[in-house]
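Quick one: this structure, given as structure tokens, is what I'll be asking you about.
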Amino acid sequence: MKTSITSRLARGATSLGLCGLLFACASYRPKPLPTEVQWSDRAQLRVDARDIALPALAAQRIDLDAPWTMQAVAALAVLNSPALRDARDEVGVARAQAFAAGLLPDPQFSASRQIPQGNSGSPTTTAYKLGLSLSVSSLITRGAAVAAGRAHVRQVNLQILWQEWQTAAAAEADYVAAVGLRERGALLRAQLDAVFKRLRRDRSEQKAGIEPRTTADADLVELQALQQQLAADARQRQARLAELDALLGLRPGTPLLLAGLPRLDPAALRAAAAALHHLGTIRPDLLALQAGYQSQEQKLREAVLSQFPSVGISISRARDTSDVNTVGFGVTFRLPILNGSRGAIAVQTATRQALYDGYALRLRQSRAEVEQLLADIRLLRQQHATLRAALPALRAAAQATEAALRQGDVTLPQAQAQRRALLGQRLALQANAQQIVQQTVALQLLTGRGVFAPAGAQ
């Protein structure tokens with residue numbers, strides 16, 4: 001009778017444990033990889049910028065049917081970048097790791113049964129033994145492990161935020177390059193039209209015997225040089241637009257209607273300069289390094305706590321073949337005599353020192369980069385004023401030279417040199433304006449400050 005009851009209890013406990021295990025287990029569902037490339041079109045782009053963790057972009061109101069400003073393009077890139085969508089999946093991995101760090105170890109259940117064999121001089125019965133054990137060592141290090149996991153989640157979130165900043169800056173850089181090449185192309189096409197008109201006029205006068213053939217030939221050489229420059233710029237602009245399409249997840253070759261270059265806001269530039277002393281509380285990459293250092297501090301603390309003796313507790317219920325029933329418990333200790341987690345502590349200590357030095361180096365480099373950008377922008381603005389001041393005199397000289405050429409007072413090479421000087425000055429002024437915007441885009445990335453006038457004022 002006792003044997004039957006005990007057997008039923010053992011079978012019941014085993015069945016109950018298996019059922020609990022099945023209910024606690026997660027189920028598997030296959031997820032096949034895509035077989036075709038999935039592109040977005042303009043109408044499918046996300047345009048609600050309110051969730052962007054960048055105030056300068058979160059305030060943007062995006063109209064896909066209107067010309068896109070630089071800030072609108074940056075906001076669209078942050079919202080729709082396939083690379084960012086992939087990076088945000090890492091947050092789920094970090095959260096899962098933090099969740100796993102807080103879980104306690106499962107208890108272990110054991111059961112055995114022994115059936116007597118052969119003849120015995122005394123009455124015998126079937127023996128059994130039931131045991132339940134639990135390691136409580138993880139309770140000592142659980143707090144440090146959970147804190148390290150949470151700091152790691154914060155680090156991953158900040159790394160993704162920094163990647164969003166970089167994506168916005170990359171979109172702005174492509175925008176500036178594409179618009180700058182468009183403006184440069186407008187200057188070259190205007191010059192091309194002027195040369196083409198001169199070529200037709202000189203050929204007409206050549207047929208009438210008024211001008212020599214060398215004049216028309218010189219116009220043709222200048223015309224071909226301008227056409228080659230326009231063709232090279234067109235390829236560069238197409239490459240920049242293709243990079244923008246990739247950032248937005250659009251099919252390559254999708255036409256984009258872009259507005260002009262933004263105006264520099266001097267007040268915002270001063271605010272960016274004032275942020276120089278607070279980079280450690282602004283930049284996501286520096287904040288991510290701080291979070292990684294905090295996570296490492298907790299890992300070192302966990303290693304220190306692991307040097308204490310680990311403890312395991314077990315309880316048992318048993319009956320031997322002579323029908324003697326027992327209840328017992330046991331305690332196991334790991335004695336930290338030979339290992340004592342000294343190796344793990346040494347590794348975590350060295351890792352902490354490496355993170356400390358790496359953060360100090362990054363902070364120093366970040367400040368140097370911002371100071372260099374501020375100095376470069378100051379020089380570019382001075383150069384811009386010089387180029388603009390010299391432009392009217394060059395324009396007047398070119399007009400006077402053209403009139404003198406018609407009168408025969410200057411030679412054709414002199415007139416061509418004056419034309420090239422005027423075109424070079426215009427191109428230099430356009431390139432200077434583009435460089436100022438490019439450097440302020442970099443400054444905005446490194447300081448997190450808006451350095452451009454609002455889109456409505458552009």
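Conditions: (1) free of Cβ contacts under 8 Å to residues at least 60 places away in the same chain; (2) outside any helix (DSSP H, G or I); (3) closer than 27 Å to Gly143 by Cα. Ile313 meets all but one. Number of the miss?
Of (1) free of Cβ contacts under 8 Å to residues at least 60 places away in the same chain; (2) outside any helix (DSSP H, G or I); (3) closer than 27 Å to Gly143 by Cα, only one is false for Ile313: (1).
Check the stretch 186-199 and report whether any residue there is over 37 Å from the mean Cα position of the chain (by Cα) and touching a residue at least 40 places away in the same chain (Cβ under 8 Å). Before the answer, list the steps.
If we filter the stretch 186-199 for residues that are over 37 Å from the mean Cα position of the chain (by Cα), which is where we start, we get 189-199.
Next, from what is left, pick out any that are touching a residue at least 40 places away in the same chain (Cβ under 8 Å): 189, 191.
Yes, the stretch 186-199 contains a residue that is over 37 Å from the mean Cα position of the chain (by Cα) and touching a residue at least 40 places away in the same chain (Cβ under 8 Å).
So which helices (runs of 4 or more DSSP H) stay within the stretch 47-161 end to end and still have 2 or more residues that are open to solvent by 20 Å² or more (accessible area, probe 1.4 Å)?
Here the list reads 55-58, 82-101.
Give the residues of the stretch 61-82 that are in contact with a helix residue (DSSP H, G or I) (Cβ under 7 Å, 6 or more places away or on another chain), of a type outside the set (Ser, Thr, Tyr) and in contact (Cβ under 8 Å) with a residue 40 or more places away in the chain, sorted by residue number.
Listed by number, the residues that qualify are Met70, Gln71, Ala72, Val73, Ala74, Ala75, Leu76, Ala77, Val78, Asn80.
Based on this model, can you work out whether Arg426 counts as without any contact (Cβ under 8 Å) to a residue 40 or more places away in the chain, open to solvent by 40 Å² or more (accessible area, probe 1.4 Å) and of a type in the set (Lys, Arg)?
On the way: without any contact (Cβ under 8 Å) to a residue 40 or more places away in the chain: no; open to solvent by 40 Å² or more (accessible area, probe 1.4 Å): yes; of a type in the set (Lys, Arg): yes.
In short, no.
Give the residue, chosen from Pro212, Pro252, that is touching an Asp or Glu at 6+ places or on another chain (Cβ under 8 Å), more than 22 Å from Glu183 (Cβ to Cβ) and free of Cβ contacts under 8 Å to residues at least 12 places away in the same chain.
Step by step, each of Pro212, Pro252 is checked, and only Pro252 is touching an Asp or Glu at 6+ places or on another chain (Cβ under 8 Å), more than 22 Å from Glu183 (Cβ to Cβ) and free of Cβ contacts under 8 Å to residues at least 12 places away in the same chain.
Next up: Which one of these is among the β-branched types (Val, Ile, Thr) and either modelled with pLDDT of 85 or more or closer than 30 Å to Phe333 by Cα (or both): Ile115, Ile160?
Within the list Ile115, Ile160, the selection yields Ile160.
Got a sec? Which of Arg184, Arg240, Arg203 is surrounded by 14 or more Cβ atoms within 10 Å (Cβ to Cβ), at pLDDT below 90, in contact with an Asp or Glu (Cβ under 9 Å, 6 or more places away or on another chain) and not in a loop (DSSP other than H, G, I, E, B)?
Values: Arg184 fails: at pLDDT below 90; Arg240 fails: at pLDDT below 90.
None of the other options fit; the residue is Arg203.
For Ala398, work out the one condition from (1) open to solvent by 70 Å² or more (accessible area, probe 1.4 Å); (2) over 25 Å from Val441 (Cβ atoms); (3) touching a helix residue (DSSP H, G or I) at 6+ places or on another chain (Cβ under 6 Å) it doesn't fulfil.
(1)
Quick check on Val324: is it among the β-branched types (Val, Ile, Thr) and in contact with a strand residue (DSSP E or B) (Cβ under 8 Å, 6 or more places away or on another chain)? Lay out the reasoning, then the answer.
Values: among the β-branched types (Val, Ile, Thr): yes; in contact with a strand residue (DSSP E or B) (Cβ under 8 Å, 6 or more places away or on another chain): no.
When the stated conditions are applied, Val324 does not pass them.
Which condition number in (1) assigned to a helix (DSSP H, G or I); (2) open to solvent by 60 Å² or more (accessible area, probe 1.4 Å) is the one that His384 fails?
His384 satisfies every listed condition except (2).
Related question: Could you please tell me which pairs satisfy a Cβ distance under 6 Å, a separation of 6+ or placement on different chains, a first residue in the stretch 33-58 that is farther than 17 Å from Leu244 by Cβ, and a second residue that is among the β-branched types (Val, Ile, Thr) and not in a loop (DSSP other than H, G, I, E, B)?
Between residues of the stretch 33-58 that are farther than 17 Å from Leu244 by Cβ and residues that are among the β-branched types (Val, Ile, Thr) and not in a loop (DSSP other than H, G, I, E, B), the close pairs are Ile52/Val78.
Which ones in the stretch 332-357 are loosely packed, with under 14 Cβ neighbours inside 10 Å and either among the charged types (D, E, K, R) or within 22 Å of Ala275 (Cβ to Cβ) (or both)?
Arg342, Asp357
Which one is least open to solvent (accessible area, probe 1.4 Å) among residues in the stretch 273-317 that are more than 22 Å from the chain's Cα centre (by Cα) and of a type in the set (Val, Ile, Thr)?
Filtering the stretch 273-317 for residues that are more than 22 Å from the chain's Cα centre (by Cα) and of a type in the set (Val, Ile, Thr), the one least open to solvent (accessible area, probe 1.4 Å) comes out as Val311.
The values are calculated or read from the model by the stated rules, or taken from the named source; none is laboratory data. Quick caveat: nothing in here was measured; it's all calculated off a predicted structure. Counting neighbours? That spans all protein chains shown, and the Cβs are built from the backbone with ideal geometry, glycine included. Accessible surface areas use protein heavy atoms only, side chains included; no ligands, DNA or RNA. Shrake-Rupley method; radii C 1.70, N 1.55, O 1.52, S 1.80 Å.
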